[in-house]
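Below you'll find the structure, written out as structure tokens, and then a few comments.
The values are calculated or read from the model by the stated rules, or taken from the named source; none is laboratory data. For clarity, every value in this text was computed on a predicted model and none was experimentally measured. Positions of Cβ are backbone-derived with ideal geometry, glycine not excepted, and every protein chain shown enters the neighbour counts. We work out accessible area using only protein heavy atoms, side chains counted, and drop any ligands, DNA or RNA first. Shrake-Rupley method; radii C 1.70, N 1.55, O 1.52, S 1.80 Å.
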Amino acid sequence: MEDDIVLSAPMFAGLDPAASAALIESMKTLDVARGDVIFHEGEPGDRLYVVRSGKIKLGRRSNDGRENLLAVLGPGEMFGELSLFDPGPRTATATVVADTTLLELGHQDLVAWLDAQPTVAQHLLQALARRLRRTNEALADLVFSDVPGRVAKALLDLSTRFGEEVDEGIRVAHDLTQEELAQLVGASRETVNKALADFAARGWVRREGRAVVLLDADRLERRAR
Ligand code: CMP
């Protein structure tokens, strides 16, 4: 059930079922379609979101118009909280990648919950720490890993969110265009394409439009190291 996934979001961890139900009740549901922008980098922000179903990409744009993706989030993940904990403009643009349902909560409402339920704050800190770990790792990969290594890692990371076991391996319906995949890896579309074609030739993956089947996750993991 969708709400089981929502309840795994950090702001619900540690709440009893009645409190979780009351929190969900106080949130607004938003149905959004691919390409919709939830908010832009630089705007003031006064609310945060939990993904109930679908996918959201968080991206930043350089002065010369190039885009970089910080993350692609799936069900149970939260975004839009940084401008609450560190008041200031939105640090990224949130765009819908596949049809999505979001739950929206005003920052002030979250503050009231944090006052009433201090364990929620602990879980939010844990989620922020996890994100910092992941960001540090991505930063190190940009410096130390080659593009095929980063592509292998991105596919494995996407598989933990969107992977589905099939007979041949894990099918990852990431819904990203080649351009978006390249923005996530931090390389050109051509180089990412070449890496994917090489993985396919080796029999590690099979490409299926905006999905990829991981046929040999062990080899990909070794390539990602
Ligand atoms: P906020 O700055 O309010 O709006 C953009 C959101 O993107 C931000 O809150 C975070 O929720 C999310 N975000 C920013 N940086 C990252 C990152 N490195 N990884 C995952 N999510 C991020």
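On the stretch given as the stretch 139-160, residues that are in contact (Cβ under 8 Å) with a residue 12 or more places away in the chain and open to solvent by 50 Å² or more (accessible area, probe 1.4 Å) total 2. Of all residues in the stretch 179-199, those satisfying the criterion of being more than 17 Å from the chain's Cα centre (by Cα) and open to solvent by 40 Å² or more (accessible area, probe 1.4 Å) are Ser188, Arg189, Glu190, Thr191, Asn193, Lys194, Ala197, Asp198. How many of the residues making up the stretch 80-106 are within 8 Å of the ligand (Cβ to nearest atom), of a type in the set (A, V, I, L, M, F, W, C) and surrounded by fewer than 21 Cβ atoms within 10 Å (Cβ to Cβ)? Looking only at that region, the number is 2.
Taking the conditions exactly as written (free of Cβ contacts under 8 Å to residues at least 12 places away in the same chain and either open to solvent by 20 Å² or more (accessible area, probe 1.4 Å) or more than 9 Å from the ligand (Cβ to nearest atom) (or both)), does Arg61 satisfy them or not? Considered against the rule, which asks whether it is free of Cβ contacts under 8 Å to residues at least 12 places away in the same chain and either open to solvent by 20 Å² or more (accessible area, probe 1.4 Å) or more than 9 Å from the ligand (Cβ to nearest atom) (or both), Arg61 comes out as no.
Report yes if Pro17 is surrounded by fewer than 20 Cβ atoms within 10 Å (Cβ to Cβ), free of Cβ contacts under 8 Å to residues at least 60 places away in the same chain and within 29 Å of Gly163 (Cα to Cα), otherwise no.
On the way: surrounded by fewer than 20 Cβ atoms within 10 Å (Cβ to Cβ): yes; free of Cβ contacts under 8 Å to residues at least 60 places away in the same chain: yes; within 29 Å of Gly163 (Cα to Cα): yes.
Answer is yes for this residue.
Criterion first (in contact with a Ser or Thr (Cβ under 6 Å, 6 or more places away or on another chain) and open to solvent by 20 Å² or more (accessible area, probe 1.4 Å)) does Arg47 satisfy it? Answer is no for this residue. Only one entry of Asp16, Asp31 meets the criterion of being farther than 18 Å from Glu179 by Cβ, more than 10 Å from the ligand (Cβ to nearest atom), over 16 Å from the mean Cα position of the chain (by Cα) and at pLDDT 95 or above, and that entry is Asp31. Of all residues in the stretch 107-121, those satisfying the criterion of being surrounded by 13 or more Cβ atoms within 10 Å (Cβ to Cβ) and touching a residue at least 12 places away in the same chain (Cβ under 8 Å) are His107, Asp109, Leu110, Trp113, Gln117, Val120. In the stretch 216-223, the count of residues that are closer than 26 Å to Arg61 by Cβ, surrounded by 15 or more Cβ atoms within 10 Å (Cβ to Cβ) and either in contact with a helix residue (DSSP H, G or I) (Cβ under 9 Å, 6 or more places away or on another chain) or touching a residue at least 60 places away in the same chain (Cβ under 8 Å) (or both) is zero.
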